[in-house]
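Notes to accompany the following structure.
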Amino acid sequence: MSEQPLIRARGLVKRFGDFTAVDGIDLEVAPGEAFGFLGPNGAGKSSTMRMIGCVSMPTSGELRILGMDPARDGARIRGRLGVCPQLDNLDPDLSVRENLTTYARYFGMSRARARARAEELLDFVQLRDRAASRVEPLSGGMKRRLTIARAMVNDPDLVLLDEPTTGLDPQARHLLWERLFRLRQRGTTLVLTTHYMDEAEQLCDRLVVMDGGRIVAEGSPRSLIGTYCTPEVVELRFPDGVDPAGGLEGIGRVDPLPDRVLLYTGDGDAAVAEVHRRGLVPSSVLVRRSSLEDVFLKLTGRTLVD
Amino acid sequence: MVSAVLAARVSPARVGAVVGRNVGALRSGPAYWLVLASGFFEPVLYLLSIGVGVGALVGELRLADGRVVEYAVFVAPAMLAVSAMSGALSETTFNFFFKMKYAKTFEAILATPVRPLEVALGELAWAMTRSAVYTGAFLVVMVAMGLTRVGWALAVFPAALLVGLAFGAVGMAVSTLMRGWQDFDLVTTGQFALFLFSGTFSPVGDYPPVLRVVVEATPLFHSVELVRGLAAGLPGWGLLGHAGYLLAMTAAGLWVAARRLERALCR
Ligand SMILES: Nc1ncnc2c1ncn2[C@@H]1O[C@H](COP(=O)(O)OP(=O)(O)OP(=O)(O)O)[C@@H](O)[C@H]1O
Ligand SMILES: [Mg+2]
């Protein structure tokens, strides 16, 4: 990497009492990159995001954001960040528009500039018709959009999004993806956490999988699939009472789940043919390209959304 | 030295933005205005019922300089100090605690360049504004009732601001230590005890010696003495001591509040 990284962490640790939430991770995020954190509940994603956001001090290790030290230049760094926390913390005493203008003022923007910026952002997240409403009656998706708009108010160099689309309906998610995609095109660096594999594949150039406070894998979505998975996956379901596990040996890597069996293989159709040749009769068969979900399952032994 | 450190770190614009947030919240509905109004009337009602009503039974009272005055003249400055105290406290206890613990207002603010001390200063400035509105209105009542002169009222006003500042800062510090709403019962009780026993309704000189020592250590006593001295037109060097006490209280309250905010929200 020739350019100076926007985020650089070495041996980053966060402890709460004697509990270690982040256990010595190394990171580098380049300008313009879209970087993702995946990991099961409690993996340490939010704890890491909060350290990057300079609201939580690392217990040990080295952290540089935008080339600066959070311990010394926290306020200056935060001035160039946009943060969308995991849980919305919009201001319940203010209207939708005031939530944006008031937030802009915390960044030292003039009143006129704050107002203009709020109007742009209301359009950007399609909340113009609710501008005068208070926050409380908004739907979950609208609140999320407002939180993301608020994170853009200072035209940040680096945007941190902690589970930006959790709890949104598919339409709202696609709207947000599209907005985030536009930000990326404008050169804004994005760092996000997600439990959605499709989101990670859509939005991230590069990602890390965290588990138990450590990074267990790193790479582009494609390369992770290439490294940890076969190109295709066969999902087999068997009638109740049939245990086919032994009969599948040798066809590919077998991963028995409570409700189905996964077969990892280079050629799905050939594998299905072999299953039938052995006289096994699954009640349903699905051949698909392998996804990040499979990588995740392999690495953490857990499905993402449980 | 301390002020140099403060000047380097505190941005007036960011403190102003925190105050601005509260101004914006004022538009949020009539509930807030009702609370605001009731806070003003409370001390006025005490002044009328006790100062004037009980005053008719008590008759007259001898002040420190030997002057003899009506009982209401004695009680009014104390009620002014109480009004400055409760104005600041209602903002920095209940409202502050709610913003810190439930509305996550400060959590959101601290993700921006605004620092914990700037949040504390902004909240304090806002509490002072409320306190100033109460004391300003109360002084008008006092002048109208002939309980002080206009000239001395102008001198009392900044002293009342200082009272609001000191109680606001300490109220904020206390709020950061609260575990839940039930702890506020203690605050309310403490506030009421101060209200009764700070030389408010009778001269501290008449208290039993032990109680007197205790009372002279508490903040409302110093507030009442400061305000009463000026309202009665009796400035003296002693008043500086009371002002110093209130200034120290302000600094300590601010320091604790900022530190505790950081501890609670920037883990
Ligand atoms: N302030 C805190 N005090 C004590 N423990 C904490 C604190 N914040 C986080 N933890 C613990 O640290 C661990 C990691 O939490 P974190 O929020 O970083 O996980 P996460 O990966 O974001 O999980 P999720 O997917 O559920 O959001 C959890 O076990 C959590 O209980
Ligand atoms: Mg999280």
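Bear in mind these aren't lab numbers, they're just calculated from the coordinates by the rules spelled out. Model, not experiment: these values are computed from the prediction. Reconstructed Cβ throughout: ideal geometry from the backbone, glycine too, with neighbour counts over all protein chains shown.
Overview of values
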item	result
Lys, Arg +1 and Asp, Glu -1 on Cβ, resulting dipole of region A:155-224 about Cα centre, debye, nearest 20	200
Residue mean of other protein chain beta carbons inside 10 Å, A:144-151	1
Selected from B:Thr112, A:Trp177, A:Ile7, residue furthest toward positive end of dipole (the protein assembly as shown; charges at beta carbon)	B:Thr112
Whole-percent pair-distance distribution, where bins are 5 Å wide, for the alpha carbons of region B:34-103	3, 16, 19, 17, 14, 10, 8, 6, 4, 2, 1
Modelled label reach - B:Val69, point 7 Å along Cα→Cβ, region B:208-244 residues with backbone N closer than 15 Å	B:223-236, B:239
Rg/Rg_globular for chain B, with Rg_globular taken as 2.2 N^0.38 Å and Rg from C-alpha atoms	1.03
Length-normalised contact order of region A:7-220 in % [C-alpha pairs under 8 Å, at least 6 apart]	31
Whichever lysines have a C-alpha closer than 23 Å to that of B:Lys99, once near sequence neighbours (fewer than 8 apart) are set aside	A:Lys143
For residues of A:208-221, the mean tally of beta carbons on other chains within 10 Å	0
Radius of gyration, Dmax [chain A; alpha carbons; angstrom]	22.3, 74
C-alpha center-to-center spacing [region A:70-122, region A:189-222] in angstrom	27
Acute angle (nearest 10 degrees) that the helix B:30-46 long axis makes with the longest principal axis of chain B, alpha-carbon atoms	20
Folded to 0 to 90 degrees: helix B:71-90 orientation relative to chain B principal axis, Cα	10
Cα gyration tensor category, rounded, prolate or oblate, for the protein assembly as shown with a/c compared to 1.5	prolate
Total formal charge among the other residues, if their Cβ is under 13 angstrom from that of A:Ala104, Lys/Arg +1 and Asp/Glu -1	+4
Size of electric dipole in region B:193-267: Cβ of Lys, Arg +1 and of Asp, Glu -1, about Cα centre, debye, nearest 20	420
In nm, spacing of pseudo-spin labels at A:Leu280 and A:Ser223 (7 Å Cα→C-beta vector)	3.4
Relative contact order (%) - chain B, alpha-carbon pairs under 8 angstrom, separation at least six	24
Positive-end residue, the protein assembly as shown charge dipole about Cα centroid, Cβ charges, pick of A:Pro164, A:Gly250, B:Ser86	B:Ser86
Rounded to the nearest 20 debye, dipole of the protein assembly as shown from Cβ charges on Lys, Arg, Asp, Glu	1440
Residue mean of other protein chain beta carbons inside 10 Å, A:98-109	6
Förster radius 35 Å - calculated FRET efficiency between B:Tyr32 and A:Asp69 (Cβ-Cβ, nearest 0.05)	0.25
Packing rank of A:224-233, A:14-23, where each peptide gets the mean count of other beta carbons within 10 Å, highest leading	A:224-233, A:14-23
Value of Rg/Rh across region A:104-207 [Cα atoms, Kirkwood radius]	0.96
Dimensions in Å of region A:152-306 - Rg and Dmax from alpha carbons	18.7, 64
Computed FRET value (nearest 0.05) for A:Ala131 with B:Phe184, which takes r as the C-beta separation and R₀ as 51 Å	0.90
Low-density loop positions, GluC sites (Glu not before Pro), region A:1-54 - DSSP coil, at most 15 other Cβ in 10 Å	A:Glu3
